[in-house]
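First comes the structure, then the notes that go with it.
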Amino acid sequence: MSASTFSRFAVVLACVFTLAACQSSEERAEKHYQNALALISEGDVDRAKVELRNVFDLNGSHREARTLYADTLAGQGEMRDAYGQYLRLAEQFPDDLNARLGLSRIAILSQDWEELRRHGTVAMELAPDTPEVQVIAVTLDYAAAIEEEDAPERREVVRRAAALSEAQPDNLQLRRILVDGALRDNELETALTEVKAAQIVAPQERSLYDTEVSLLVQLGRPDEIEATLRGMIDRFPGDKTIVDNLVRFYLSRDELDMAETFLRDRVAKAGPEAVTEDTNDLVRFLLVQRGPEEALAELESAIETSETPDAFQSLRARILFDSGETDQAIGAMEALLEPVADDDATANEDRVILARMLDATGNRVGAQRLVARVLDIDRTQIAALKLEAGWRIAADNADGAISLLRTALDEAPQDVDALTLMAEAHLRNGNRDLARDMMSLAVQASNSGAVETRQYVVLLLEDERFSLAEEVLIDALRVAPDNPALLVDLAGVYIRMQDWARTAQIEAQLRRLDTPVASRAADGVQASRLSSEGRTEEAVAFLEDLAAENDSDIVARTAVVRARLASGDVEGAVTYAEQAANEAPDDIARTMIYATTLSAVGRQADAEANYRKVLEQDDQVENAWIGLVRALYGQGDVEGGKTALEAGLAAMPEAINLLWAQASFLEQSGDLEGALRTYESLYERAPESPVIVNNYASLLSMLRDDDASLERAYVVSRRLGDSEQPAFQDTLGWIAHRRGDERAAVEYLEPAAAALTNDPMVQYHLAEVYFALGRDAEALTQFEKAVGMVSPDDSRPQIATARTRIETLTARLQAPAADADAEAAPARQ
């Protein structure tokens, strides 16, 4: 055989071997797939999953195996992994109906309507008449109707869902639409019927029972509420929130004995593994409802009779700590931990409890040391992660906090505190969209808890998302229909929407509660409604009657004065405030109202006298010091104002508003370094104040040139990123410029300069950015604008720079014209 012939033979032989190897690989993959089918038929799902993964190692495009693996994961509730498999299948085979249906099911579960549109639309194209695809179509239409607030269309979609449900009675999604539609139309009996039908379809779906309880609360059926909650405890024995809900139910009916008996029964019936937790629940109940003495007595009894007394020591220490016995509590926790090995993970919870105590008493270093030890032992310890994340947020390390909280949420996706902290971290980073998403999840995880709902509503109202705020509050009121704070918030939403009829309904609902708190809330709602409707005279008359009925109600008196001033009745406001003060000359609150009213109408000397009268009685009234300083400044007595401010700080060195006034005074007097130090101190005390954040970051970026300071200014100011306040935009733009991001600087500074047309510094900042970008003509115009706003003797360094820039730019812009004239001269000759 010649060499060339042998070479050709070798190539052919290699191809044969390669083909044989490919066939062998596919055959082995198919064998693994058949093994998986057999194992699943035998009920051995875990081994089947291993076989399916072996298929993919050999043949990543095995369609049937990928489908079986995705369906198996979904059947076991492993939705995140199932989603990845379905998505891989859809990418490899775009027309695979099963993949699109699987992705659509997961999107419905997570209420991700965009994802549902993405995959559900393809499914509708592939098999529009398939029953499951029809469910997807009606779900998309229902979501669209809600988003567009189209009630007639929503009801039509509900009718279609009802028709489909007759043919598909076991489809939970259709049942959910029927429940939601009835709730939105306030058809409570219908909603309850549909919820019970849905429970038959999905007897372990916890949210359906929560909805049932909420409906029973609204329908006023206490016996059924109790029975339902007790049934839920039997059905979901490991869910402590249901136990808490039943206790709250008894407390709402003033049935303390029933609640205590229920908790004691749980202790009596609990096995050895649950007795500690149930006893702790009983002790916490006694602590709140009966007081620390009864709680400690119960604990001492448990410690004496328990085979594991140490299990109760940490709760005992916490009760002592909350009762003011901080040293004894810390000593008890340290003694509890002393014999424990440093790497003993079972003591991590106690270490975190001690860390919280140390942090609350000012020993953050010791607290951080303990938390670091916990996380060295267990990087997923949720309480420690949350505590460390909170510290990082306070230190403006929001990214670090987010990283920790992701770990915590991987372990406990429904942890309300972790979700709330995540929202706070995103706010620090200036990402309001993500913050809203996290707060929405926190509301869901808390079952529309009042605290979480109100925090979420604050964000929504700031962004003027009134309809969503209304929906969130209504959901919370289904759980707690008699919560005055939630009702007042909902009334506030309706006032913002100028929906006076529904505002009046909330007011009436508050009055029906017939409690002092609810009655005062109703009065406030009524006054706000009348004033917002433009019925100022009625609002004033109502408030005066209210103040007359309750002589000690300072809130009402203050509201009367404000209403009179708002209506232009200056003399009436002064007369009313003066009369109230004269009726009780030793009443500090009334004197404060009078002093504030005098200041508001420009009678600063009289206001000064009354503020001094208040401070002679009590030098810890911060607003009186602030009012006195303003009154003195208002009379042109700058030195007097400075002296009063110093006296106020001497009396109240930690007072936020006095420190703020000091910072403003220092800034106005030219002591920018002093102002920066004060703002830094203020920022540590009130990092949530946008104005303090802005002023601190602005001064820091203006006075410091080092990279660390500029980065600090950027990190601090990030939370203002979505703001449309011109002053905040100016700060953000200038910091962006200092960091070399001229594109972002222009985006912030152009609207700021357009709004703050009389502020030379803002015009100067925009001019500097134009100068850096080489936009010479625009830069010259801005520099000239800035210089034109100040006096010729203005010595600020920015103005000096502006004057120099004007000379440079004028010469630069004139040079091309001169060169052009020189070139044209020979031609003219």
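The values are calculated or read from the model by the stated rules, or taken from the named source; none is laboratory data. Just so it is clear, the structure is predicted and the values come from calculations on it, not from any experiment. Ideal geometry is used to build each Cβ from the backbone, glycine not excepted, and the neighbour counts take in all protein chains shown. Remember, those area values only see protein heavy atoms, side chains included, never the ligands or the DNA or RNA. Shrake-Rupley method; radii C 1.70, N 1.55, O 1.52, S 1.80 Å.
A few points about this structure:
- Separation in nanometres of the label points that stand 7 Å from Cα toward Cβ, at residue 451 and residue 813: 5.9 nm
- Set 49/386; 269/386; 613/642 screened for pairs whose C-alpha atoms are more than 24 Å apart: 49/386; 269/386
- Given R0 = 41 Å, the distance between the Cβ atoms of residue 270 and residue 434 translates into a calculated FRET efficiency of 0.50.
- When Kirkwood radius over Cα pairs in Å is computed from the coordinates, the matching label among [x] 32.3; [y] 33.5; [z] 27.4 is [y].
- In nm, spacing of pseudo-spin labels at residue 197 and residue 50 (7 Å Cα→C-beta vector): 4.6 nm
- Signed unit charges on C-beta, dipole axis of the chain, positive-most listed residue 326, 440, 797: 797
- Taking a point 7 Å from the Cα of residue 498 along the Cα-to-Cβ direction, the residues of region 439-475 with backbone N closer than 20 Å to it are 461-470.
- Stretching residue 406 away from residue 118 to a fully extended chain increases their span by 101.0 nm, per 0.36 nm per residue minus the current alpha-carbon distance.
- When each of the peptides 696-702, 665-671, 357-363 is scored by the mean number of other C-beta atoms lying within 10 Å of its residues, the order from highest to lowest reads 696-702, 357-363, 665-671.
- Residues listed by number, region 470-503, amide nitrogen under 20 Å from residue 239 label point at 7 Å toward C-beta: 475-481
- Alpha carbon centroid spacing (whole Å) that separates region 455-502 from region 358-417: 32 Å
- FRET efficiency, 1/(1 + (r/R0)^6) with R0 25 Å, evaluated for residue 708 and residue 772 via beta carbons: 0.70
- Full extension of the segment from residue 322 to residue 724, taken as 0.36 nm per residue of separation minus the current Cα-Cα distance, would add 140.4 nm.
- In the frame of its principal axes, region 577-730 has Cα extents of 59, 31, 25 Å, reported largest first.
- Assuming charge only on the beta carbon of Lys and Arg (+1) and of Asp and Glu (-1), the dipole of region 59-145 about its Cα centre is about 160 debye to the nearest 20.
- Percent carbon-and-sulfur accessible area, region 237-288, ignoring ligands, DNA and RNA, probe 1.4 Å: 54 percent
- Legend: calculated FRET efficiency, residue 303 to residue 368, from the Cβ-Cβ distance at R0 = 35 Å, rounded to 0.05, equals 0.70.
- Charged-residue dipole, Cβ positions (Lys, Arg, Asp, Glu), the chain about Cα centre, Debye nearest 20: 1840 debye
- The chain - mean residue ellipticity at 222 nm from DSSP helices (-39,500 (n - 2.57) per run, n ≥ 4, rounded to 500): -26000 deg cm²/dmol
- Ligands, DNA and RNA are left out, and with a 1.4 angstrom probe the accessible area of region 34-96 is 52 Å² per residue.
- Contact order relative to length of region 368-425, as percent, for alpha carbon pairs under 8 angstrom and 6 or more apart: 32 percent
- Region 667-693 residues near the modelled residue 394 label - backbone nitrogen below 16 Å, point 7 Å along Cα→Cβ: 681-689
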